[in-house]
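The values are calculated or read from the model by the stated rules, or taken from the named source; none is laboratory data. This structure is a prediction, so every number in the text was calculated from the model and none was measured. So basically every Cβ, Gly included, is an ideal-geometry build from the backbone, and we count neighbours across all protein chains shown.
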Amino acid sequence: MRPDGTRVRDLTAIMQALPYVMPKRYDAQNWAEENLDEDAIRDYIRAKRREGRSVTHMSLLVSAYYRAVLKNPKINYFVMNRRIYKRNHFCFSFVILKTRADGTPDETSLKVYLEPEDTVFTVTEKIRSTIEKNQNVRHNNDTDRFA
């Protein structure tokens, strides 16, 4: 039993064999390339900002990917010790720069957890509040304390 996922047991034989065929993490890398209409994205963001609602490129892309994960939950599977697990949550990480007291830049890694009912607007707010909480110079998250 893992705290971050539950084992998937109802897989086909070929799916169960894949962790043995590709035993290393780098064996199973997946790449996807998608072209987006940037004009449509900018128009949507401008329209929402005129309505008084804040939307960022990042929150829009994360929200779209999260909707894809909700429709296709197998995207959120992972392998550990040649067993396939379904992740119990959905989160994404990003890095921000903050300034130390002496003026030198310092970076920190942040993680935001999403819920199925989150929209592009709640994702924007979660990103904004996480950045605000971690913007100051103190080491106030686990990554900073570890480093």
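Screening region 8-38 for residues that are surrounded by 12 or more Cβ atoms within 10 Å (Cβ to Cβ) and modelled with pLDDT of 75 or more and picking the one that is nearest to R87 (Cα to Cα) gives V8. Filtered by the rule that a residue be without any contact (Cβ under 8 Å) to a residue 24 or more places away in the chain and among the charged types (D, E, K, R), region 126-136 gives K126, E132, K133.
Among residues of region 99-116 that are under 19 Å from L70 (Cβ atoms), those with a beta-carbon under 6 Å from a residue that is in a loop (DSSP other than H, G, I, E, B) and of a type outside the set (S, T, Y) at least six positions away or on a different chain give the pairs Y113/H89. Among the residues of region 38-97, the ones that are of a type in the set (F, W, Y) and closer than 17 Å to T124 by Cβ come to 6 in all. Among the residues making up region 37-87, those that are under 21 Å from G5 (Cβ atoms) and among the hydrophobic types (A, V, I, L, M, F, W, C) are V62, A68, V69, L70, I75, F78, V79, M80, I84. Within region 45-96, the set of residues being of a type outside the set (G, A, S), over 30 Å from Y20 (Cβ atoms), over 18 Å from the mean Cα position of the chain (by Cα) and loosely packed, with under 15 Cβ neighbours inside 10 Å comprises R46, R49, R50, E51, R53.
For region 69-79, the criterion of being farther than 30 Å from I131 by Cβ and β-branched (V, I, T) is satisfied by at least one residue.
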